[in-house]
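The values are calculated or read from the model by the stated rules, or taken from the named source; none is laboratory data. Every value quoted in this text rests on a predicted model; they were computed, and no experiment measured them. Here the Cβ positions follow ideal geometry from the backbone for every residue, glycine too, while neighbour counts run over all protein chains shown.
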Amino acid sequence: MNTLKVTAAGAPIIVGVSKAIRDVLQLADQVAATDCCVLIEGESGTGKELIARRLFANSRRFERPFIPVNCAGVSETLFESQFFGHVRGAFTGAEQTMLGVIRTADGGTVFLDEICDFPMALQPKLLRVLQEQEVMPVGKPVPVKVDTRFLAGSNRNLAEMVRQGTFRRDLYHRLNIVRIPLPSLRERPEDIGPLLDHFLLVAADRYQRLPVTLKPEVRGLLAQYGWPGNIRELAAWVERLYVTGLSAEILLDMLFGEAHATTMPIESGTTLKQAERQAIVQAMEHTNFNQRKAARMLQVHRATLARKLRVHKLD
């Protein structure tokens with residue numbers, strides 16, 4: 001089965017061969033052309049914004065703005081100005097009229113990223129916008145009609161949050177017209193290989209280098225890894241191959257960590273623990289024995305490097 005990729009103009013590439021990801025894309029494509037709210041739920045790093053952008057690219061709104069909003073960063077005091085806009089002179093510092101996020105996206109789409117972090121006190125105001133499709137700019141007592149589609153993403157189960165009383169039930173039902181659950185990478189291990197190939201080519205192009213070829217045993221171990229950070233973690237690991245100059249075997253050791261160091265051989269005569277020691281020595285020499293720079297090169301905390309130096313008797 002071929003790797004699935006988005007081909008719509010302006011849409012992101014989504015790679016995968018598993019039934020799980022094919023089901024996600026099928027559902028997304030079925031509802032893309034409608035204007036309904038879509039709730040995309042999945043762990044951090046599973047690609048919620050990519051699905052939102054696919055929905056947008058395949059909608060009638062694709063020529064209008066797509067505006068992602070980090071709900072964890074929404075200010076309770078500035079919410080109305082940020083979302084609804086304000087007129088000049090509405091408050092101290094309002095030197096010019098501002099449209100706000102929702103009116104700026106008029107005709108397009110707003111993606112409420114991590115809606116689970118949206119302040120509880122502001123949820124009734126957001127609900128009204130979704131229901132009435134109108135906003136009240138600060139300093140203007142007349143509501144303004146808008147034509148904006150809303151998509152939402154959450155790394156937590158909103159239904160469970162409703163049961164716990166930490167998310168409004170009415171807002172949940174307004175957002176949850178269609179729910180798209182995104183599987184974690186550990187639930188779709190058959191996609192790890194295609195994703196590796198994709199990110200290897202992307203990183204090679206970005207850093208203007210020849211693509212790295214991974215040994216079968218390395219690919220096999222990567223397929224066994226749990227990837228708690230999901231696709232984002234996999235992409236970062238691949239990029240690290242190009243920016244650090246370290247071998248895949250060494251970076252694989254850093255990925256798995258010390259707990260597996262003596263149980264997972266990389267190649268004949270070399271264990272992960274030996275590879276880790278080699279990586280540390282190489283990084284220390286490369287940075288003229290500067291622990292801060294070496295820790296940054298190895299993508300670990302400085303305290304972690306200091307501990308590993310003691311473990312390997314390199315301090």
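In this structure, Ala72 does not satisfy being at pLDDT 95 or above and assigned by TED's automatic domain parsing to the domain that holds Gly47. Asp205 meets each of the listed conditions (1) assigned to a helix (DSSP H, G or I); (2) crowded, with 18+ Cβ neighbours inside 10 Å; (3) not assigned by TED's automatic domain parsing to the domain that holds Val69 apart from (2). One residue stands out in segment 208-233 among those that are in a loop (DSSP other than H, G, I, E, B) and either outside the structural domain of Leu252 (by TED's automatic domain parsing) or under 21 Å from Gly47 (Cβ atoms) (or both): the one that is farthest from the chain's Cα centre (by Cα), namely Tyr225.
Can you tell me which residues in segment 30-71 are among the β-branched types (Val, Ile, Thr) and in a loop (DSSP other than H, G, I, E, B)?
First, pick out the residues of segment 30-71 that are among the β-branched types (Val, Ile, Thr): 31, 34, 38, 40, 46, 51, 67, 69.
Thr34, Thr46, listed by residue number.
Under the condition of being closer than 16 Å to Phe79 by Cβ and either among the basic types (Lys, Arg) or exposed (fewer than 14 other Cβ atoms within 10 Å of the Cβ) (or both), the residues counted in segment 105-139 number 5. Of the candidates Phe56, Phe66, Phe62, the single residue that is assigned by TED's automatic domain parsing to the domain that holds Val178, surrounded by 15 or more Cβ atoms within 10 Å (Cβ to Cβ), in contact (Cβ under 8 Å) with a residue 60 or more places away in the chain and of a type in the set (Phe, Trp, Tyr) is Phe56. Taken over segment 140-155, the criterion of being surrounded by fewer than 17 Cβ atoms within 10 Å (Cβ to Cβ), within 28 Å of Gln30 (Cα to Cα) and either free of Cβ contacts under 8 Å to residues at least 40 places away in the same chain or not acidic (Asp, Glu) (or both) is satisfied by Lys145 alone. Just checking, does segment 123-135 include any residue being at pLDDT below 90 and touching a helix residue (DSSP H, G or I) at 6+ places or on another chain (Cβ under 9 Å)? Checking segment 123-135: at least one residue is at pLDDT below 90 and touching a helix residue (DSSP H, G or I) at 6+ places or on another chain (Cβ under 9 Å).
Yes or no: segment 176-184 includes at least one residue that is more than 21 Å from the chain's Cα centre (by Cα), among the hydrophobic types (A, V, I, L, M, F, W, C) and farther than 18 Å from Cys71 by Cβ. Yes.
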